[in-house]
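Readers should treat all values here as calculations from the given coordinates under stated rules, not as data from a laboratory. As the structure is a prediction and not an experimental result, all values here were calculated from the model. Heads up, the Cβs are rebuilt from the backbone with ideal geometry, glycines too, and the neighbour counts pull from every protein chain shown.
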Amino acid sequence: MTTQLAGRPRPPAWVQVLGGLAVAALSAGSWWAWMGWDHEYQIDPRTQLASGPYQAWQVVGCVGSLLVLLVVALLLRVRWFVASPAMTVAFTAAWTVTAASTDETGLYGVGMILLLIGLTAATTLLSMIVLGLRRLHPTEA
């Protein structure tokens, strides 16, 4: 059984395919643009403690980009079960390539699993919120 809003035909399959590919490419691109290039740790001259390699502005920018990307994709009628997994898998894969190439301990695998779980939860929750709000305030076809 399928449900749809009255007067709103389902978008064609090619919209889902292209939308999913676009979300995947832009999600991986978001990783590379905001954080994938930074491998430098910062040393506090006073305490000699290392932090990083990412600055807070990079994380905020990356998360903001992913939020906007997912919301826009959903508003353009890419189905949530296409957009959310596309974002989750592509971003996790991009992160994993970077982490695996620099990790000597093998703990990047734990990070990959945690990132996969966190992104799955976050993208699903955001998708449900956007779809719920869209149902409360349907636009005219």
Relative contact order [Cα under 8 Å, 6+ residues apart], the stretch 13-136, whole percent: 31 percent
For the stretch 12-20, 3J(HN,Hα) per residue [Karplus equation, 6.51 cos²θ - 1.76 cosθ + 1.60, θ = phi - 60°, Hz, x = Gly/Pro]: x, 4, 5, 5, 5, 5, 5, x, x
Under the Debye formula (equal points on every Cα, no solvent term), log10 I(q)/I(0) of the chain at q = 0.14, 0.20 Å⁻¹: -0.72, -1.21
Estimated [θ] at 222 nm from DSSP helical runs (n ≥ 4, -39500 (n - 2.57)) normalised by residues in the chain, nearest 500: -22500 deg cm²/dmol
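I need THR102, THR123 ordered by Cβ neighbour count within 10 Å, fewest first.
If I rank by nearby Cβ atoms, fewest first, I get THR102, THR123.
For a quick check: sort SER51, SER30, SER127 by the number of other beta carbons within 10 angstrom, fewest at the front. Let's see the in-between values first.
Details: SER51 12, SER30 23, SER127 20.
With the sparsest Cβ surroundings first, the list reads SER51, SER127, SER30.
So how do THR88, THR47 line up by other beta-carbon neighbours within 10 Å, fewest first?
Details: THR88 25, THR47 8.
Least to most surrounded, the residues fall as THR47, THR88.
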Which of ALA56, HIS39, TRP80, positive extreme of dipole for the stretch 1-92 (C-beta unit charges): TRP80
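Please give the peptides 104-114, 70-80, 34-44 ranked by average Cβ packing (other Cβ atoms within 10 Å per residue), highest first, as a rough proxy for protection.
Working: 104-114: 11.5, 70-80: 18.2, 34-44: 13.5.
In decreasing order of mean packing, 104-114, 70-80, 34-44 become 70-80, 34-44, 104-114.
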